[in-house]
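Bear in mind that the values in this text are calculations on the coordinates, not laboratory data. Computed from a predicted structure; not experimentally measured. No Cβ is skipped: glycine too gets one built from the backbone with ideal geometry, and neighbour counts run over all protein chains shown.
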Amino acid sequence: MAGCCGHDAKFEGVSDEYKRRLWIVIALNAIMFVVEMSAGHAAKSQALQADALDFAGDALTYGLSLAVIGASLQVRTKAALAKGISLFLMGAWVLGSTVYRVFYVGIPTAEIMGLVGFLALVTNLASVLLLVRYKDGDANVRSVWLCSRNDAIGNVAVMFAALGVWGTATGWPDLIVATIMAGLFLSSAYQIMRQALAERREASTHNQVKV
């Protein structure tokens with residue numbers, strides 16, 4: 001998907017249909033953040049809490065994306081950079097807290113992890129289907145797609161973690177999945193920031209040529 005950064009014409013989000021879909025996805029993410037964070041605390045699952053944090057980040061990301069639709073390229077790329085930085089910070093937090101939890105002796109509740117992970121997966125698959133046609137847009141639009149994709153992948157991973165916890169009666173599968181999700185956050189942050197900076201350079205070069 002990174003290859004889309006080289007396209008000359010990119011969808012910028014200026015579409016009533018796209019905005020309606022974003023509002024639906026924002027509502028879904030906000031609801032699932034509350035559900036999954038509560039379940040993560042109850043189940044003592046680091047993977048669930050990491051995924052809940054991703055839901056919260058996505059809701060904020062989509063709101064910011066809506067706010068800058070139709071704005072100048074400079075404003076949109078600044079918004080994309082801000083989202084990339086926030087994803088990086090989330091990834092760093094999840095990675096750090098996961099390392100801390102390695103020394104925690106509690107075992108997550110596999111049943112809660114599996115049930116909530118499945119509910120989150122259904123929610124995120126709905127979001128992915130709503131947004132998949134816009135996955136090759138500019139940095140601002142693309143960041144929305146990457147966050148939605150991350151959620152769906154994360155939910156599948158949480159379900160595998162639940163199965164691993166149930167099968168091994170240890171918390172290691174949960175911690176491993178949380179670490180993988182942290183890596184996914186960091187990778188997406190890099191992709192978003194790289195595309196945003198590339199778009200800024202292209203715009204600057206274009207303006208210099210016009211002058």
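Were the residues from SER204 through TYR190 laid out at 0.36 nm apart, the gain over their Cα-Cα distance would be 2.9 nm.
Of the residues ALA139, ALA47, GLN74, the one whose Cα sits farthest toward the positive end of the charge dipole of the chain, with +1 on the Cβ of Lys and Arg and -1 on the Cβ of Asp and Glu, is GLN74. Take every pair of alpha-carbon atoms less than 8 Å apart whose residues are at least six positions apart; their mean separation over the length of the chain yields a relative contact order of 31 percent.
At an R0 of 25 angstrom, the distance between the Cβ atoms of ILE85 and ILE153 translates into a FRET efficiency of 0.75. Relative to the longest principal axis of the Cα atoms of the chain, helix 172-210 runs at roughly 0 degrees. All other residues whose Cβ lies under 10 angstrom from that of LEU28 are scored, Lys and Arg at +1 and Asp and Glu at -1, for a net of -2. Computed packing ranks the peptides 173-182, 66-75, 22-31 as 173-182, 22-31, 66-75, most packed first, by mean other Cβ atoms within 10 Å.
A helix-only calculation puts the chain at -29000 deg cm²/dmol for mean residue ellipticity at 222 nm, using -39500 (n - 2.57) for each DSSP H run of at least four residues, averaged over all residues. The ASP16 and VAL122 beta-carbon pair, evaluated with R₀ = 30 Å, returns a calculated FRET efficiency of approximately 0.70. Labels on offer are [x] 17.9, 55; [y] 17.8, 64; [z] 18.0, 67, and the one holding Rg and Dmax of the Cα atoms in Å computed from this structure is [z]. In the chain, taking the dipole from charged Cβ atoms about the Cα centre, the farthest positive-side position among VAL14, LEU130, MET113 is held by VAL14.
Simple point charges give the picture: +1 on the Cβ of Lys and Arg, -1 on the Cβ of Asp and Glu, and for the chain a dipole about the Cα centre of about 500 debye. Rounded to the nearest 10 degrees, the angle from helix 46-68 to the longest Cα principal axis of the chain is 20 degrees. Our note on the geometry: Cα centres of segment 137-154 and segment 44-103, 11 Å apart.
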